[in-house]
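Below is one structure, written out as structure tokens; the observations come after it.
FYI, it's all coordinate maths here, none of it is from the lab. The structure presented is a predicted model; accordingly, all values stated were derived computationally and were not measured. Cβ placement follows ideal geometry from the backbone for every residue including glycine, while neighbour counts extend to all protein chains displayed.
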Ligand code: F6P
């Protein structure tokens, strides 16, 4: 079944590159002869019926902008069965026959539920955490890595001047992809991620002491969020090593900024393929990046996939940081 009008929304935590994905979805759909409605503030826009007609020019000048022009939200109402039914009804009233959902795992669950209610949805993975199992890459990850790396490089200047240790907490929700990449890129003495158990003494303090013994004077430890209290950890490290230690939580700055080339290109391709599926009425699928190719999976299958952080990579990062 060919669709005449589709919607596009961004949902969950924003990620740099979401705008580039919206642009791609809108322009591909228009090129294919469909009408496009931008749904504001994620799934909430369906309940509030806040939708805007999108034309070629409504997505001008956004490929380089962080955030999302459509706004985003984590909708609690949409998590309920009644909420999904109401949202499907709203789509019918608004003349929206299918939706491209740009967001993370939580947003994909919503896309699956809405597809089951007769509104075909295609998910595009976008989160700075890169924690979606079905894809090797999520839009926003590259920009966030580079932002966190740049911020940590700045910290390094002052850490070096004062011969200190800096504990840097990066985002990632419950995954260590961001921490691993940033930690490797800044040459961290220790990288702590939720996927791999750590012991503060052997994996951090002893490493600092061993490097200190070899003449190293400043240290960076990168820690994934939700792992420990970095304030308390700093005190423990300072007491055990005699090195002045300061914690820094990078926080939401990691979610902002102009998307990198990689995020813009990935968003453009994923947006294109999402519309190519949806235009035929195909729904309940997510776009993914796998071994250099853009592929797609059934959402249910995608949500049950497993992805593992490679422990060997972490060992390499530690081995070369001495
Ligand atoms: O999923 C993106 C993310 O930035 C995570 O890294 C972080 O744990 C979470 O969102 C923060 O959410 P909020 O913006 O609601 O504080």
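Things to note:
- Choice from 287, 249, 191 showing the highest fluctuation, given a GNM over the chain with Cα pairs closer than 10 Å: 249
- FRET efficiency for residue 295 and residue 203, using Cβ-Cβ distance with R0 set to 35 Å, rounded to 0.05: 0.45
- Evaluated over the Cα positions of the chain, the convex hull gives a direction-averaged projected area, one quarter of its surface, of 16.3 nm².
- Per residue, the average separation of C-alpha pairs within less than 8 Å and at least 6 apart gives the chain a relative contact order of 24 percent.
- Burial order of peptide ranges 90-97, 164-171 (average beta-carbon count within 10 Å, highest first): 164-171, 90-97
- With helices as the sole contributors, the chain gives -12000 deg cm²/dmol at 222 nm; each DSSP H run of n ≥ 4 counts as -39500 (n - 2.57), and the sum is divided by every residue.
- Inter-label distance, residue 136 to residue 93: 4.5 nm, where each label sits 7 Å from its Cα along the C-beta direction.
- Distance distribution P(r), the range 41-113, all Cα-Cα pairs, bin width 5 angstrom from 0: 3, 14, 26, 24, 18, 10, 4, 1 percent.
- In this label model, residue 313 and residue 157 are separated by 2.9 nm, measuring between points 7 Å along each Cα→Cβ vector.
- The alpha-carbon positions of the range 121-245 define a convex hull whose volume is 97 Å³ per residue.
- Here residue 214 and residue 1 are evaluated by their C-beta separation; at R0 = 51 Å the FRET efficiency comes out at 0.15.
- Packing-based ranking, highest mean first, of 146-154, 116-124, 33-41 given that Cβ atoms within 10 Å are counted: 116-124, 33-41, 146-154
- With respect to the chain, whose longest principal axis is taken over its alpha-carbon atoms, helix 230-241 is tilted by about 20°.
- Among 304, 130, 258: highest mean-square fluctuation, GNM of the chain, C-alpha pairs under 10 Å: 304
- Zone of residue 85's modelled label, taken as backbone nitrogen in the range 116-151 under 15 Å from a point 7 Å along Cα→Cβ: 116-118
- Estimated D of the range 213-303 in µm² per second, where Rh is the Kirkwood radius over Cα pairs and Stokes-Einstein applies at 25 °C, 0.890 mPa s: 138
- Of all DSSP-defined beta bridges confined to the chain, some 25% are antiparallel rather than parallel.
- For the range 95-149, the Kirkwood hydrodynamic radius comes to 12.0 Å, computed from all pairs of different C-alpha atoms.
- Rounded to the nearest 10 degrees, the inclination of helix 261-278 to the longest alpha-carbon principal axis of the chain is 30 degrees.
- Extension gain for the segment residue 282 to residue 116, taken as residue separation times 0.36 nm less the Cα-Cα distance, is 58.5 nm to one decimal.
- Here is the P(r) of the range 1-143: all C-alpha pair distances, binned every 5 Å from 0, give 2, 11, 22, 24, 21, 14, 5, 1 in whole percents.
- Taking every alpha-carbon pair under 8 Å whose residues sit at least 6 apart, the range 1-121 reaches a relative contact order of 35 percent.
- Length-normalised contact order of the range 49-188 in % [C-alpha pairs under 8 Å, at least 6 apart]: 16
- Principal-axis analysis of the Cα atoms of the chain puts helix 105-116 at an angle of about 20° to the longest axis.
- Whole-angstrom gap from the range 273-322 to the range 221-270, using each part's C-alpha centre: 23
- All Cα-Cα distances of the range 66-187, cut into 10 Å bins from zero to the largest, leave 12, 33, 25, 16, 9, 4, 0 percent in each bin in turn.
- With neighbours defined as other Cβ atoms within 10 Å of a residue's Cβ, the residues 233, 145, 1 order from fewest to most as 1, 233, 145.
- Shape analysis of the range 147-214 places it in the oblate category; the axes a ≥ b ≥ c from the Cα gyration tensor give an a/c of at least 1.5, with a/b not above b/c.
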